[in-house]
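Quick notes on the structure that follows.
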Amino acid sequence: MPGILEYQSGDTFLHRAHPLVKLLLAAVICVGGFLTQSLWVNLALLALSIVGGFALGMGRKVKASLKGAGSLCLFLFVVQLPFVRMGRTLLPLPFGLRITDLGLRYCAQLGMRLLGATLPLVLMLGVTRLSDLTNTLVAQLGIPYRYAFVITTAIRFIPVLFVEMRDVIEAQTARGVELDGSFKQKIRLIPPLCVPLLVSCVQRMENNALAAELRGFYLRKRGSGYRRYPLSAADAPALAACALILIIAIIT
Amino acid sequence: MILLENVSYAIESRELISGASLRIGQGEFAALAGENGAGKSTLLKLIMGLIKPTRGDILIQGASTRDRKVSALARTVGYLFQNPDRQLFGATIRQELSFGLDFLGVSKSDAESRVEETLGWLKLDPDRAPLSLSRGERQRVALASLFVRRPSLLLLDEPTTGLDYRECMQMMNTVARLNREDGVTVLMITHDMEIALDFAPRMLTLSGGRIIADGSTRELMRDEAMLKRASLIPAQMVALARRLGLAPGEADDADSLAEWVASSVKGGAQRAGHT
Amino acid sequence: MEPIILLEDVSFSYEGASGRALDGVRLSITPGEFVGVIGPAGAGKTTLAHALSGVTPHVRRGDFYGAARVAGLDTVSSSVAELSKTVGCVFQDIESQFVTTMVEDEILFALENFSVPRDEIPSRVDRALNDLDIADLRLRSISTLSGGQKQKVALAAALALAPSVLVLDEATGELDPASSVQVFELLTQLQRERGATIIVIEQKIMLLCAYAERLLVMDQGRVVIDGSVRRALEQPDRLLALGVNCPRVTTLAARLREKGLYHGAPPVSLDEAEAMVREALA
């Protein structure tokens, strides 16, 4: 099973769509969520991502992102809520804090915006091969290959680092390190967890750069990509959807 | 020491370990072999309590791993990972060895004497940085850092991979000594059948998540069909002895095989002389 | 035949290190040889591999003395990229070998970089995948592969460029015995069918003895033994002193020789060992 941030092979219309169109669609849904002032549009965009995700056969990714990003959003919601002073007070709290109607609205919208920005990116990476993304960044957007490669390599390394982190935690707990000890114990956990992670990451990246260089990385030219990415008629509906979302987000 | 009762482990309906039952007594030294992806590391992680069985139960010294924390299990069980760099972080070897002993409730003086004793057999400068050592040395420092905790069971995941012959022998001799002199139970994953034959009297073979053989290493080494199922290649001298029609245990190493050839030749010559 | 690899008194010390990682290495390898390299940790094996691919001195810097030529290219004045057209490398840490996320893309990467003509690319990708018998993995995500499968993908990616020299640095470490044998069988096939020069750094002495024709034993930056595998195996005690073990069949041959029961060349395989014992018994 590929990880949450990895490509999941398939043959849906989005898998076949032009990589830039996918990137644009994801970007428009993210940005749209921040442009709109309407909670309903936020909700609709979120629903679009969730339903779309399941329709693409990526329910697992949707659930995992909702769980991961959702808990972060919930945390932000709870932490920020009592500090919003504007609006009508619904529930006064000690220390001059309060919960207001506007506070509820702002905090809910913030959560939905963050969630709404995470999901489309996760789904975009699920239907787009990283090499296609690199190649279109180079060929269509004119970004130099080195920078495009660095961007996609950073994305590629996220799951790798997660696996590495898990392995280090496993290795240290097997050594008797307690992860749920007191605060003082937790401070002492920083070196056993961070040093091995850092060492292995540096080694990884060094060896990885070497592997790329040994296979001609520095010979790459702008036109070196094998695959070509022509826009096709099939991309029109997706582009239209982009425009529609953007317009709705701006006027609401 | 270790008791597995019909243990299975599955991720997303894919079974990685199926119906494994196993009993390993205190002080035993067993090798665990099998093809890539057979589930060897998964089995070790189950015993360490890092993952919990989907079905069945694992008892370490009579207590189930299910309701024990890994940090509690780590008081009796030491797990040496294939890559020592995931465990090492100290600025010096001495610091590496003493880390966390106070969590265990070991007194300061006791901790010091344990570290000194371990440094005694490690035979490395205690003030050197673990990261400046060779792979084999790092592997032994990782083993030593487990051993100061006085585990009664050591789980070793391919402890000799990536080591040269000398480092490999140092590693194995250290493990063998801990097993012999301190009575530590050892369960070791290895692909190297020569090492299994030389050091582990007992061998378990895992294939496709199932234990397909469990018995004396010498005897299993003759079951070439079984070994082949697990992508293993028998130790050379055992395979040769079998080809030559020798009984199990008659001559399993180069020295005794040479002796056997010599006495057969002599016997043959004597018989020839009589006729 | 003109050597494809020629090292003349090559010495190298890494930046900031006091000792020499390579110390006066002389080496001549003709095209199509299958060379095994063994020796203790820190003997300079990986530095030797790096010297052939130009990683030393271009990427891993330091003081380089002597001259190294690979396929007519001087490794000091040529770039790593130029050399990588001729020298394919697979290293120990398999996880760090991949630069993309999909098997197919991994093979494409080098072909694209070297501007292989577009119409040739599909057949080159197919061939690399078929040679390693991994055509079914083509559209798989690399992170979902087993260790053995990853090893094959790394090999296929190196082979796609059809390098005339292939360097493997302890690349079978994580593989089970049957998969390691499979890799060595494949290397032999490449050597026979394409005339590729194979250089394998490996601690698995039994595999080296069974497959390599020539054995280099390194110690402290020097090549201390260089000869046919059988010649090298004739001195088991010297090998042991260098921290290199012999296959058990060779040890048996040495014991039989001590007893005056065997006088031939040391066996390298089980079949030869059986023949040796039967000869001694006859």
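The values are calculated or read from the model by the stated rules, or taken from the named source; none is laboratory data. Values in this document were obtained by computation on a predicted structure and should not be read as measured data. A quick note on method: Cβ atoms are made from the backbone with ideal geometry, for glycine too, and the neighbour counts reach across all protein chains shown. We work out accessible area using only protein heavy atoms, side chains counted, and drop any ligands, DNA or RNA first. Shrake-Rupley method; radii C 1.70, N 1.55, O 1.52, S 1.80 Å.
Observations on the structure shown:
- Scanning segment B:200-217 for residues that are of a type in the set (A, V, I, L, M, F, W, C) and surrounded by fewer than 21 Cβ atoms within 10 Å (Cβ to Cβ) returns B:ILE212, B:ALA213.
- Filter result (among the β-branched types (Val, Ile, Thr) and over 23 Å from C:VAL70 (Cβ atoms)) within segment C:162-182: C:THR172, C:VAL181
- Helices (runs of 4 or more DSSP H) lying entirely in segment B:165-275 (those with 1 or more residues that are within 14 Å of another protein chain (Cβ to nearest Cβ)): B:165-181, B:193-199, B:224-229, B:236-243, B:254-274
- B:LEU124 being open to solvent by less than 30 Å² (accessible area, probe 1.4 Å), more than 10 Å from every other protein chain (Cβ to nearest Cβ) and assigned to a loop (DSSP other than H, G, I, E, B): yes
- Selection of segment C:223-282 for residues being more than 27 Å from the chain's Cα centre (by Cα), open to solvent by 40 Å² or more (accessible area, probe 1.4 Å) and away from chain B (no Cβ under 11 Å) yields only C:HIS263.
- Beta carbons closer than 9 Å, at least 6 apart along the sequence or on distinct chains, pair a first residue in segment A:1-16 that is at the interface with chain C (Cβ under 10 Å from one of its Cβ atoms) and aliphatic (A, V, I, L, M) with a second that is part of a loop (DSSP other than H, G, I, E, B) and surrounded by 19 or more Cβ atoms within 10 Å (Cβ to Cβ) for A:MET1/A:GLN8.
- B:GLY39 meets the conditions (1) surrounded by 14 or more Cβ atoms within 10 Å (Cβ to Cβ); (2) farther than 26 Å from B:MET221 by Cβ in every case but one. The failed one is (2).
- B:SER145 meets the conditions (1) in a helix (DSSP H, G or I); (2) out of contact with any Lys or Arg (no Cβ under 9 Å at 6 or more places or on another chain); (3) hydroxyl-bearing (Ser, Thr, Tyr) in every case but one. The failed one is (2).
- Annotation for segment C:131-142: at least one member residue is in contact with a Leu (Cβ under 7 Å, 6 or more places away or on another chain), modelled with pLDDT under 90, not in a loop (DSSP other than H, G, I, E, B) and not assigned by TED's automatic domain parsing to the domain that holds C:SER269.
- In summary, A:THR136 fulfils each of the numbered conditions (1) in the same structural domain as A:PHE54 (by TED's automatic domain parsing); (2) crowded, with 21+ Cβ neighbours inside 10 Å with the single exception of condition (1).
Each row is one residue, and each column tells you yes or no for (1) at pLDDT below 90; (2) within 30 Å of C:GLN149 (Cα to Cα); (3) within 20 Å of the chain's Cα centre (by Cα).
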position	(1), (2), (3)
B:GLY25	no, no, yes
B:LEU32	no, yes, yes
B:GLY39	no, yes, yes
B:ALA74	yes, no, yes
B:ARG94	no, no, no
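- Candidate set: segment A:192-209, residues that are loosely packed, with under 15 Cβ neighbours inside 10 Å and within 17 Å of B:SER132 (Cα to Cα); chosen: the one nearest to the other protein chains (Cβ to nearest Cβ): A:GLN203
- Every condition in (1) part of a strand (DSSP E or B); (2) within 8 Å of chain B (Cβ to nearest Cβ) holds for C:VAL217 except the one numbered (2).
- Segment B:47-68 - residue that is among the aliphatic types (A, V, I, L, M) and more than 14 Å from chain A (Cβ to nearest Cβ) and, of those, surrounded by the fewest Cβ atoms within 10 Å (Cβ to Cβ): B:ALA63
Yes/no matrix, rows are residues, columns are (1) closer than 17 Å to A:LEU244 by Cα; (2) at pLDDT below 85; (3) touching a Lys or Arg at 6+ places or on another chain (Cβ under 7 Å):
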{"residue": "A:PRO2", "(1), (2), (3)": "no, yes, no"}
{"residue": "A:ASP11", "(1), (2), (3)": "no, yes, no"}
{"residue": "A:ALA17", "(1), (2), (3)": "no, yes, no"}
{"residue": "A:ILE29", "(1), (2), (3)": "yes, no, no"}
{"residue": "A:GLY33", "(1), (2), (3)": "yes, yes, yes"}
{"residue": "A:LEU46", "(1), (2), (3)": "yes, no, no"}
{"residue": "A:VAL62", "(1), (2), (3)": "no, yes, no"}
{"residue": "A:THR89", "(1), (2), (3)": "no, yes, yes"}
{"residue": "A:LEU93", "(1), (2), (3)": "no, yes, no"}
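- None of C:GLN97, C:GLN151, C:GLN92 is within 27 Å of B:THR42 (Cα to Cα) and surrounded by fewer than 23 Cβ atoms within 10 Å (Cβ to Cβ) except C:GLN92.
- Every residue from segment B:79-97 that is open to solvent by less than 50 Å² (accessible area, probe 1.4 Å) and part of a helix (DSSP H, G or I): B:PRO84, B:ASP85, B:ARG86, B:ILE93, B:GLU96, B:LEU97
Residue by residue, here is whether (1) closer than 23 Å to B:ASP164 by Cα; (2) under 16 Å from the mean Cα position of the chain (by Cα); (3) crowded, with 18+ Cβ neighbours inside 10 Å; (4) free of Cβ contacts under 8 Å to residues at least 60 places away in the same chain holds:
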residue: C:ASP9; (1), (2), (3), (4): no, no, no, yes
residue: C:ALA17; (1), (2), (3), (4): yes, no, no, yes
residue: C:ALA21; (1), (2), (3), (4): yes, no, yes, no
residue: C:GLU33; (1), (2), (3), (4): no, yes, yes, no
residue: C:GLY36; (1), (2), (3), (4): yes, yes, yes, no
residue: C:LYS45; (1), (2), (3), (4): yes, yes, yes, no
residue: C:ALA49; (1), (2), (3), (4): yes, yes, yes, no
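- Residue tally, condition part of a helix (DSSP H, G or I), more than 11 Å from chain B (Cβ to nearest Cβ) and over 22 Å from B:LYS40 (Cβ atoms), over segment C:179-208: 12
- Meets criteria (closer than 17 Å to C:PHE109 by Cα and crowded, with 20+ Cβ neighbours inside 10 Å) for A:ALA174: no
- Residue within segment A:88-102 that is open to solvent by less than 80 Å² (accessible area, probe 1.4 Å), in the same structural domain as A:LEU25 (by TED's automatic domain parsing) and part of a helix (DSSP H, G or I) present: yes
- Hits in segment C:123-145 (condition: crowded, with 19+ Cβ neighbours inside 10 Å and either away from chain A (no Cβ under 13 Å) or free of Cβ contacts under 8 Å to residues at least 24 places away in the same chain (or both)): C:LEU129, C:ASP131, C:LEU132, C:ILE134
- Lone unmet requirement of (1) open to solvent by 40 Å² or more (accessible area, probe 1.4 Å); (2) more than 14 Å from every other protein chain (Cβ to nearest Cβ); (3) of a type in the set (Asp, Glu) for A:ASP235: (1)
- Residues in segment A:37-56 that are more than 18 Å from A:CYS73 (Cβ to Cβ), open to solvent by 50 Å² or more (accessible area, probe 1.4 Å) and of a type in the set (A, V, I, L, M): A:VAL51, A:ALA55.
- Applying a threshold of 6 Å to beta carbon distances and a minimum spacing of six or more residues, or different chains, the list of pairs starting in segment C:162-178 at a residue that is within 11 Å of another protein chain (Cβ to nearest Cβ) and on the phi > 0 side of the Ramachandran plot and ending at one that is of a type outside the set (A, V, I, L, M, F, W, C) and open to solvent by 10 Å² or more (accessible area, probe 1.4 Å) reads C:GLU170/C:GLN92.
- Odd one out for B:ARG75 among (1) facing another protein chain (nearest Cβ under 9 Å); (2) under 22 Å from B:ASP157 (Cβ atoms); (3) without any contact (Cβ under 8 Å) to a residue 60 or more places away in the chain: (3)
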